[in-house]
Structures are given as structure tokens and as C-alpha cells.
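First the structure, in the form of C-alpha cells, and then the observations on it.
The values are calculated or read from the model by the stated rules, or taken from the named source; none is laboratory data. A quick note: this is a predicted structure, and the numbers were derived from the prediction, not measured. We place every Cβ from the backbone using ideal geometry, glycine too, and count neighbours over all the protein chains shown. In case anyone asks, the SASA skips ligands and DNA or RNA and just uses the protein heavy atoms, side chains included. Shrake-Rupley method; radii C 1.70, N 1.55, O 1.52, S 1.80 Å.
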Amino acid sequence: MPEILLNNVPVRFPFEPYEVQKNYMQKLLECLQEGKNGVLESPTGTGKTLCLLCASLAWLEMKKAEHRAKVLASNLSEDSDNKLLSSISSQLKAAVGGMWKQGNGIPKIIYSSRTHSQLSQAISELKRTTYKHMKMSVLGSRDQLCIHPEVSKETNNNNKVQMCQVRVKGRNCYFYNQVETKRVDPDVINSVLDIEDLVKLGKKRTFCPYYMAREIRQDADIIFLPYNYLLDPKSRSAHNIDLQGNIVIFDEAHNVEKMCEESASLQLRSTDLALCIDDVTHVMEKLQELSESNLGSSENALIPEDFSPEDLYILKTIFLELEKAVDEISLPADGTGVTYPGSYMFDLLQKAEITPNKKYIIVDLLEKLIQYLTMNSTSPFQRKGSGLQKFSALIKTVYSKENFSVSYMELVKQCYKVHITAEEKKKPQAKDGWNAPKITPINAKTGKVISYWCFNPGFGGTLSPLESFTSELKIPFPIKLENPHVIKPCQVWVGTICKGPDGTILNSSFKNRDKPEYLNSLGSTILNFSRIVPGGLLVFFPSYPQLRKCQEFWQGNGIWSSITNSMAIFVEPQTKDGFITAMDGFYEKVRDPNLKGACFLAVCRGKVSEGLDFANRNGRAVIITGLPYPPFKDPRVVLKQKYLDEVRSKSKTGLSGANWYRLEASRAVNQAIGRVIRHRNDYGAIILCDKRFTEFGFQNELSSWIRPYMKTHEAFGLVLREIIQFFRVAKSMFPEPDNIDKGPRTSGSSIKIEYEDSKSLPGSSAPVAAHAFQQPTSTRSFTSSFVKKEPPKHPAFNEFMTAVYKPQKSVLGEENASSDATPKNIFAALEKRSSSVLDFNSCQTNEASTSTKSSNENSIPKRKKIKLISQSEKSLNSFLKKEETSSSCLSNSSSLNQASSNVAQCSTGESSECSKNELDDLKRKKITSYLKEVKSHLSGEEYSVFSEGIKHYKRYKDVDSIIATLLTLFGKKRERRILLLKFTLFLQPDHRHQLEAVFHDIVNL
């Protein structure tokens, strides 16, 4: 495994890292060595997870080595010679940095991501590295880790926690009791285990995976966990997570600010208070029954000892007083609600005599009641204290600080808002995607919803735009990085489509999104793309209501069924079980060789858009149907914008409310776009189907790696041609990963020859493109030496070796006859000692080699140098000669040279005056001259596009496609336009007038 030295730290990487990966690891090491915060962005597919793991664990190895060196030095006597140890210690100190004090011990790496599926991907990356020997642990919830047959069946998470804690406290859980003895099991402490692995091992060895993960965490070097465990103070406390002196890594951190705000916010409804009162009343009645049944008996075992009837009376009085205070809040008749500063919550709770110094007493009593209700519930329909759980969370959130100073109260007043609205008895289905508040008649009995919202994430992966991210968190980030992508321009197509196939403007704004003509045009647009995208097509909508609206409309007008003729369609469900089923079905249809692919309709900010990997064929194109702005009239959105404007007016820095609103949409788009192009050899199309994407301000908010490739298209037909050509070229240059090595090739790697799927081109086996033989930094041509030996067993190599060692004909006529045949596979493109084969890699004729032909053509050498030429260029040579010979006349344009005229005369009835050799010589010179001129104007990637276009025209006679290709290559630059006209020589006679007309249109512009 390669080892590189970055910032004095030797880092072992699974392969030779790319330059962007080195830059990323250097910035991470800089953060660790200087003890500073950093925000590092790198596009999806650049291997940032692998970089984070390798660099951080490499640094931790140095830190542990430094610690051991200091311990060893302290044990040596002062008279001993420890020059070597001093030298090693100084090198280790340079690698570790001077910001970490020895007294703090060895830090742990806390690696967090948004979801457990993302953590599983990170753990699988760790298994690929040489750092898999380091101790690790992964934390999860009881939902994922509990294997107790009764507790695991509980659907409510809070109830599950209570049931588990009671059994653990009473030592009644067999699996928990095995943790202490099984924690030294080699399979536990010496293995890299994700959630699924830990559960399987727990069932096999009969220990509790949940508590085992917490147990081995104590000695772990790196701990994996979802970042809500870190950001939510309640979760952090429940899992005993200590951040002090440790290294915290947020991977896929685009959602951190929102998670910070959510963890410090909550809602309480009047129905929750009513449930609290009923729960307390139920327990009081239960105690009364127990007291009466035990009257006169000496045994009171059934009566709980954790709380008394007096405690229940006091708690019920508190709830009744709070309910009364909430009922007295007056609301406007229009149903818009009323908003107060954050400090209003303190005043409201104080009316029920709930103060900070009573917090622990009330919370402790609530926890005991919840546990009692949970354990004494024998039916899922019985009370389990859900209302009490919400009220306990309210007390913990509002009174999260130990000491309430005047400055803290002022901060709460600014950063929090209390919004109170009428509670709907039954929520009707939203009529639109904005979730506009519905007007509810207000009366004395109407319930209320009290929202306690935090608008400052600093209070409690794709990060673009970075300034927005750092501005909202209110944390200094002195070290920043915004990496480019590792892919080449030919691997991505990015474009904004302003109009659909029928010319209707694509605009998903609130005023336009429900119009039938827009819905029809958008459906036709997706239908067209479903016919040309090979593999998985992801379509993202701004909201679930908009997705449902489009689905109903397309099912009614036939577009839906038309799409299913090309692809199977899956719709993102909103339930966990349904989502897993849909994803499994999607992947299955993508892999089905009898289908073109599958289409997945999803929502920005949904599960599909965040955290899932659609690499290779699973995600060849992503369509964004509109800008996913937050609901404009939503009270929380309105208050957030107002808060930001207030802060900006005072500090003169930070985001404005309008900028935040727009950035919320761009972040969601960036995250959805990141589902495709997941590694260096992947490719895909990014299609933005909304005219508003052309706005300059929005383009600047897209990820930096996308901006250089952005195009705007008014004509839908040209878009289809470009995307067809894009996938044709990309497929030949980047075969599916099943047919190529997964790791990157180095300069010393061997050549691997594979075939593409023969079904891709009807009527013939698909040739392997010359790019399949190229190293990442090599030129288009290279030579390799082969020693004659027994052919390998693999059929492809048998065919290759047979072609190499087949004896050549000694008769010149037979040799020429065989050389004109069209090559049937890639091995026929190997350079033969024949005067009729042209090497288009060097654009030289074979005249120079004729002098050595006679001495070698009858012998079979033991060592033979073989020069590989592109199959596309070999086909190009065959095509150009064939089309020129079969033409009845040549272009009369004055721009054609005299050689063209001579060939024309020979091909129009005067061939009797020209010898066959002279005609062949003219053909070769003309083809060589034209290709030399083409290659002098085009880059290597452009020449590949040119060659692929020729192959397609030769096979399908698609003149529109070849003209589109030529226009892309030659039409934009004035000095290239003559090459466009010269190509008319090689078109079929009935196609030439189209290219000539296009040429004259360009010239006359």
C-alpha cells in the first residue's frame, strides 16, 4: 500500500492518492497539528471519507507513538545515552504539532455522519485501509441494536428505552449480563464491525450489541456515531459522550446547522398537556385501587415506592395551572398565530411555578412515572406516558443551562421565538407544497400548539456555499478548503433546459407549477430523457405534493405509461419499510439486462437525496425539476428570515434573510446532484429543468466543480443530441466497473483487456475503445513487448496470441487482400506489416515501413513489438476510404485542394486512366492529410468524440448525429470551420447537401 509523507506525517493510502486527495489530507493534518477548526469541502466521488480516515488515524498513530516515547524517556536514567530516542521524539513532535498537551492524554477520534447508512459506508472504507487494526466502536440506538425478544418488538423508541433500563437495572436481561464476560472476545475487540456486523455477532455470542458498543468505546481509537448524538445535548448525555480533548469529524456536514437548531427546538400541544393530566390521574387511581386492596394487609409490595400520592397531586396541579395559562393566550381570528420572544417561555412556565431550581425535581418525578406506566402496560393500547415524555423534553430544553444570568436571558430572547397557533383536530391533506396555514375557527375550547424555535445553530460534506455554513454556526473556521473534482470534462454533462420539447417554458414557480401545459411539458421532457439515459435516472422534485401532482397528471394523460415502456418507475415513499422495498426494486430493475434501466422519482431533502450512493449504472443522470425553496409562508421560515435580518442590521455581517432563503434551495440542489458521479471513473448527466437555474446568482451558489461545465439550452433537440453523444463517448471511455480494475492504475501496472457487452450494438460485437488500454497519464500510443509462449487459458488472450503468432502470407497479393477486410474485434486493430493499414495514432502512412517488410514477412519472430492503435481510428480509416471510393462525385467547393479533384476524376469514370496503386496512394495521402489537420486542431478528448461520431455514422448512417458532432467540434472556432466543409467528401451523396447548408449558415452568421 503506498505511503506518502504529508506535513511530516506518513500516511498509508490504499492507492496512489490524487492531487486533490493529498490537498484534502494536508488541510486535515493542518487542523490536527495546529488544534484549529476547519471546514473542508470536496465533491462527492473524490474519496473524502477515505482521506478523513487515513489522515486522522495516521496522525493518531504519531500521537500514540509520541506518548510511548515520552513514557520510555521518563523511565530511563539521566546518565543513559538517549540520543536516538531524543531524535525520534523530536520527529514525532513535529508530526503531532505543539497544540496538544501531554496531560490531556491520547485523544479519541469521534467520526460522525448524518445517518447510519453513511456510517456503514465509512466503516467499509476503513476495512480497506491498513488502519483497520486500530480499535473502533460504532454507537447506535436500541432500535438498531437491541436483540431482546420483548423489548425489540416495542415500536415507540421512548418506551423501548424505559423497558430496557428497567431490565438492566434489575439485571433481568440475559444479553446485558453477558457483556462483561464477552467484551474480551477477539472477534469483538479485533474486528471492524458496523451496526449489522455487531448485531449478527451479538446474536451468535448472546451478548447485547447496544451495551457492548458502549463498553468497547472506552478503549476505542475511533468512534463512529450519527451526529445528532453529538449535537443534541440530551442524546450526548444519554450516551456519555465527552467532547473535551477529543477530535470531532463531521462527515456530510451540510445538515449540521439545521440539526443544531432542531436539537434546541421543540413543540408542545394542548393535547400533550391533556395526556399528561390523564396519565397522572390514571396513576393516582391505580394507587388508590392498590391502597384499598391492601387495606388491612401488612404487604404493600404492589404500591410503588418511587413516588407518593402527594407527589402526584402536586404534579397534576402544575399541569392544570399550565393548561389554564395556555388557554388564556388569545389568538388572532385569521389563524396566523402569534409570536413572542424566546423569554416568553420562561414566563409561561413560571405561571405554573416551574422554575430552573425545580427542574431536576420535576424531571426526576416525570421519569419515574414514565417508567412505571411503561412497565405496567400489558397492551400496546394502554398508557405509556407519551405526553409526560414530551413535557420532560420541554423542561430539559428550556432550562438546559445550569445558571441563568442576565446575559443568557438576553441571548435566549434574541435567538429563540415562541410561536403559538391553533391546534387542528385533524390535519387535512395539504392542497399545495407550501403548507400554508389553514384558517381554523378560534374559540375558548380550541387547543394550541406552542413552538419553541431556535434560530441560531451556534446556540446549542457538500457544504456549498461555505460562507453560509460558517456564518450560521457562529464558530471560527480559520482553515478552509474547497476542492475541485477529480473527473475529466468528458465525464459530466451539466445543462439548464429552459424549454420542453413543445416549446413551453420550464418554470416550477408557485404561479406556474400547477398549469397543465407546464406539467405536460415537464412530463414530455422526462419521457424523452428516459429513452436515452442508460441505467438509473433520478428525478428530484421540490416537494412531495408537487411529486404527487405530477404523478397524477402524467398517469391521466398517458405520459406515465409511456415512460414505463422505457424504464420501470419507482416513487420515493415516506415510510421506512416502503423506502427499503422501493430501493431494492430500483436496483434490481437497473441490473435487469432486459430493461434499459429504471427511473426513481424523489424529493429534494428526502432520503434519496441525502446519503445514498448511486454509483455507476445505478445513477447515470439526475434531473432537478425545480428550485426546492422552503415554504414561503411557513411561520418558521418567516421568523428565520426576520431573525437573520435583525442580526445583520446590528452586526453588519452575516447572511440576510433573503440570501438564506435562496441558499436553502441551492444546498438541497447540490446535495441531490451529488448522487451521481461517485468515483473517478464514473460519469453522468446533470439536467436542470427550470429556467430560473440560468440566473447568475444561483449559478454561483452551486458547487464549485459544477460551475465550469454549466450550459444553457433553449432548443430541446440539441440537448438530446448532446446527451446521446455524451453517453456514447463516456461508455466507450469508461466501461462498467464489472469489466475493469476497481483501483486506479499506476505507470507500472499491466494491461488488462476486456470486452464490452455485445448487446450494446446490434448486429456485431462491440469493440473495446482504445481508451481502455490507456494509463491515466499516458499518450494515445505505446508499445509493449511480448515473448512467444504458450497462449493463456483465457479466451480473449487465446485469440490475442493467435493473432500475434499467426504466420503471415508471403504472397503480396494475398497480403493486400486480407488487409482491406474490416476488423472484427480489437485485436484486428493491431498493426500488421501491410502497406494498406494506417496508424492514426501517429498519422503516418506505411510507406516508411516498406523497406523492412521484405526481410521479415516470411519469418515468425520470437520477440515482436506490437503497436496498438485505436479501434475507433481503425474504423475511421476504413470508413473514410469506403465512403470516398463509393462516392459518385466530390464537392465542387473551391476550398478543396487539387488532390481532391484528381481523386474525383478517377472515381467518375476515368479510373481506367489511373492505375490502382496511384489511386490507393492518393486516398492514403488525402486521408492522412485530413486527419493530421483534424488532430492539429483538436485535443485528445475532442478527437475521441470525433472518432466515436464517425463510428456511429458508419454503422447507422445517422447524418443528424454526425452533423451535431461536427458542429460541436468545428463550428464554434472560425479556424476549424474549413474542416467541417472538407468532411463532405466522406458523407454519402444524399447527405452532403445538409452539411453544406449548415456550413453556409455558419459562415453567413
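Which of the helices (runs of 4 or more DSSP H) found entirely inside the range 916-1005 contain at least 1 residues meeting this: modelled with pLDDT under 75, out of contact with any strand residue (DSSP E or B) (no Cβ under 8 Å at 6 or more places or on another chain) and not assigned by the TED database to the domain that holds residue 724?
The qualifying helices (runs of 4 or more DSSP H) are 916-937, 940-956, 959-966, 989-1004.
Can you tell me which residues in the range 238-257 are among the aliphatic types (A, V, I, L, M), open to solvent by less than 20 Å² (accessible area, probe 1.4 Å) and outside any helix (DSSP H, G or I)?
247, 249
Report, by residue number, each residue of the range 528-571 that is part of a strand (DSSP E or B) and farther than 24 Å from residue 667 by Cβ.
535, 568, 569, 570 - these are the residues of the range 528-571 that are part of a strand (DSSP E or B) and farther than 24 Å from residue 667 by Cβ.
Would you check which residues across the range 650-677 are open to solvent by 40 Å² or more (accessible area, probe 1.4 Å) and either in contact with a Gly (Cβ under 6 Å, 6 or more places away or on another chain) or among the polar types (S, T, N, Q) (or both) and list them?
If the condition is that a residue be open to solvent by 40 Å² or more (accessible area, probe 1.4 Å) and either in contact with a Gly (Cβ under 6 Å, 6 or more places away or on another chain) or among the polar types (S, T, N, Q) (or both), then 651, 653, 659 are the ones that fit.
Could you tell me whether any residue of the range 207-225 is farther than 30 Å from residue 43 by Cα, touching a Ser or Thr at 6+ places or on another chain (Cβ under 9 Å) and outside any helix (DSSP H, G or I)?
yes
Let me confirm something: among 85, 52, which residue is at pLDDT below 80 and surrounded by 15 or more Cβ atoms within 10 Å (Cβ to Cβ)?
85
Looking at the range 370-386, which of the residues that are closer than 15 Å to residue 151 by Cα, at pLDDT 75 or above and not hydrophobic (A, V, I, L, M, F, W, C) is most open to solvent (accessible area, probe 1.4 Å)?
Checking each candidate, the answer is 371.
Looking at the range 119-139, is at least one residue more than 17 Å from residue 250 (Cα to Cα), more than 40 Å from the chain's Cα centre (by Cα) and modelled with pLDDT of 80 or more?
Within the range 119-139, not a single residue is more than 17 Å from residue 250 (Cα to Cα), more than 40 Å from the chain's Cα centre (by Cα) and modelled with pLDDT of 80 or more.
For the range 100-148, which positions are in a helix (DSSP H, G or I), touching a helix residue (DSSP H, G or I) at 6+ places or on another chain (Cβ under 8 Å), within 20 Å of residue 188 (Cβ to Cβ) and basic (Lys, Arg)?
Across the range 100-148, the qualifying residues are 132, 142.
Considering each residue of the range 188-204, count those that are within 15 Å of residue 138 (Cα to Cα) and open to solvent by 50 Å² or more (accessible area, probe 1.4 Å), and give that number.
Qualifying residue count for the region: 4.
Given the criteria under 30 Å from residue 368 (Cβ atoms) and open to solvent by less than 50 Å² (accessible area, probe 1.4 Å), does residue 260 qualify?
no
Mind checking which residues of the range 153-171 are in a loop (DSSP other than H, G, I, E, B) and either in contact with a Phe, Trp or Tyr (Cβ under 6 Å, 6 or more places away or on another chain) or surrounded by 11 or more Cβ atoms within 10 Å (Cβ to Cβ) (or both)?
Residues satisfying the conditions are 154, 156.
Please tell me if residue 440 is among the hydroxyl-bearing types (Ser, Thr, Tyr) and at pLDDT below 85.
Judged against the criteria, residue 440 is a match.
So is residue 282 modelled with pLDDT under 90 and either touching a helix residue (DSSP H, G or I) at 6+ places or on another chain (Cβ under 7 Å) or in the same structural domain as residue 41 (by the TED database) (or both) or not?
When the stated conditions are applied, residue 282 does not pass them.
Suppose the filter is part of a loop (DSSP other than H, G, I, E, B) and within 49 Å of the chain's Cα centre (by Cα); does residue 348 pass it?
no
Given (1) surrounded by fewer than 18 Cβ atoms within 10 Å (Cβ to Cβ); (2) at pLDDT below 85; (3) farther than 28 Å from residue 943 by Cβ, identify the lone condition not met by residue 703.
The one condition residue 703 does not meet is (1).
Would you check if there is a residue in the range 546-554 being open to solvent by 40 Å² or more (accessible area, probe 1.4 Å), at negative phi and modelled with pLDDT under 90?
No, the range 546-554 contains no residue that is open to solvent by 40 Å² or more (accessible area, probe 1.4 Å), at negative phi and modelled with pLDDT under 90.
Condition first: modelled with pLDDT of 90 or more and out of contact with any Pro (no Cβ under 9 Å at 6 or more places or on another chain). Now tell me which residues in the range 88-118 satisfy that.
Answer for the range 88-118, where residues must be modelled with pLDDT of 90 or more and out of contact with any Pro (no Cβ under 9 Å at 6 or more places or on another chain): 107, 108, 109, 110, 111.
Show me the strands (runs of 3 or more DSSP E) found entirely inside the range 587-688 where at least 3 residues are among the β-branched types (Val, Ile, Thr).
621-624
From 71, 20, grab the single residue that is surrounded by fewer than 15 Cβ atoms within 10 Å (Cβ to Cβ) and in a helix (DSSP H, G or I).
Matching residue, one of 71, 20: 71.
Determine whether residue 607 is surrounded by fewer than 18 Cβ atoms within 10 Å (Cβ to Cβ) and basic (Lys, Arg).
Answer is no for this residue.
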